[in-house]
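S.K.: If you scroll down you'll find the structure; I have some questions about it.
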Amino acid sequence: MAYDLRAVIADGELLRGVVAELAAARLASIGQGLSLMPVTDELFDSVADGGGVGTLGFWGLPGGFEENLAAWSADGPVAYVEAEYFGGVGEQRAAVWNGGRIVLGPLHVEEGEPFPSGGSPISQALRRLGVVASAGEDEFAAVGLDRHRHSEAWIA
């Protein structure tokens with residue numbers, strides 16, 4: 001079974017202001033006051049600077065979009081996350097901007113690599129956004145990122 005996610009995650013109020021600026025953007029509420037903005041093909045095309053993907057090593061971060069993430073982070077931390085799995089094997093990437101600069105990452109765990117002791121890249125990013133996990137779960141599960149298997153499903 002496949003799982004893919006390419007999304008911006010931040011405080012719901014912060015992202016509501018962002019969506020007003022981007023006609024192709026849509027939001028989904030996740031847990032603990034956060035919202036998720038999937039980077040769909042339509043959003044990617046509407047914000048890309050024409051140079052393909054950005055320079056931070058992400059597959060689906062449009063070229064130049066990291067400048068938007070930095071600008072939005074003036075109002076609070078903003079994460080960009082990617083995950084792609086098939087049959088339990090895959091990769092994760094994540095970074096967090098705050099105050100106009102990257103404060104975490106970019107983090108990357110390749111296929112077949114174990115997660116570091118601090119948790120998966122996405123869980124580490126969510127922790128930077130203030131997510132608190134209960135005993136026996138990680139931050140990924142705490143906000144329900146396991147509810148949908150594909151980015152577009154969050155806004156379907």
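S.K.: Would you mind finding the longest exposed-site-free stretch of the chain, with exposed trypsin sites (Lys or Arg not before Pro) meaning DSSP loop and at most 15 other Cβ atoms within 10 Å? Working shown, then result.
M.R.: Working: sites that count: ARG147, ARG149.
Between exposed loop sites, the widest span is 1-146.
S.K.: Please give the length that would be gained between TYR85 and GLU111 if that part of the chain were fully extended, namely 0.36 nm times their separation in residues minus their C-alpha to C-alpha distance (nm, one decimal). List each step's numbers first, then the result.
M.R.: On the way: separation 26, 0.36 × 26 = 9.36 nm, distance 0.87 nm.
Net length gain for the segment: 8.5 nm.
S.K.: Sticking with this one: Along each of the three principal axes of the Cα atoms of the chain, give the extent in whole Å, ordering the values from largest to smallest.
M.R.: 38, 31, 28
S.K.: Taking the Cβ of each residue in ASP41, ASP146, ASP11 as the centre, tally the other Cβ atoms inside 10 Å and list the residues starting with the fewest. Please report the intermediate quantities before stating the final value.
M.R.: Numbers: ASP41 12, ASP146 9, ASP11 18.
Ordered from fewest to most neighbouring Cβ atoms within 10 Å, ASP41, ASP146, ASP11 come out as ASP146, ASP41, ASP11.
S.K.: Figure the gain on full extension for GLU13 and SER29 (residue separation times 0.36 nm, minus the Cα-Cα span) and round it to one decimal in nm.
M.R.: Values: separation 16, 0.36 × 16 = 5.76 nm, distance 1.05 nm.
Taking 0.36 nm per residue and subtracting the Cα distance, the gain is 4.7 nm.
S.K.: How high is the relative contact order of the chain, in percent, counting Cα pairs under 8 Å that sit 6 or more residues apart? Write down the numbers at each step before the final one.
M.R.: Working: 311 pairs, mean separation 38.0, N = 156.
With pairs under 8 Å counted, the relative contact order is 24 percent.
S.K.: Taking just the alpha-carbon atoms of region 72-138, what radius of gyration and Dmax come out, in angstrom?
M.R.: Over region 72-138's Cα set, Rg and Dmax evaluate to 12.6, 38 Å.
S.K.: Hey, another quick one. What's the exposure ranking of VAL96, VAL19, VAL47, going from fewest to most Cβ atoms within 10 Å?
M.R.: Details: VAL96 25, VAL19 14, VAL47 19.
Ascending Cβ contact count within 10 Å gives the list VAL19, VAL47, VAL96.
S.K.: Tell me the mean residue ellipticity at 222 nm calculated for the chain from its helices only (DSSP H runs of n ≥ 4, each -39500 (n - 2.57), averaged over every residue, nearest 500).
M.R.: About -6000 deg cm²/dmol.
S.K.: Still on this model: Only loop residues by DSSP count here, and only those with at most 13 other Cβ atoms within 10 Å; note down the GluC sites (Glu not before Pro) in region 49-156 that meet that. Provide the component values of the computation, followed by the final result.
M.R.: On the way: sites: GLU66, GLU67, GLU82, GLU84, GLU91, GLU110, GLU111, GLU137, GLU139, GLU152; in loops: GLU110, GLU111, GLU137.
Sites meeting the loop and neighbour criteria: GLU110, GLU111, GLU137.
S.K.: Also, I was wondering about something else. Give, rounded to the nearest 20 debye, the magnitude of the charge dipole that the chain has about its Cα centre when Lys and Arg contribute +1 at Cβ and Asp and Glu contribute -1 at Cβ. Display every interim value, and only then the final one.
M.R.: Values: 9 positive and 22 negative charges, 76 e Å.
Roughly 360 debye, rounded to the nearest 20.
Computed from the coordinates by the stated procedures, all read-outs in this text should not be read as laboratory data. Since the model is a prediction, treat every value here as computed from it, not as a measurement. Cβ atoms come from the backbone with ideal geometry, glycine included; neighbour counts cover every protein chain shown.
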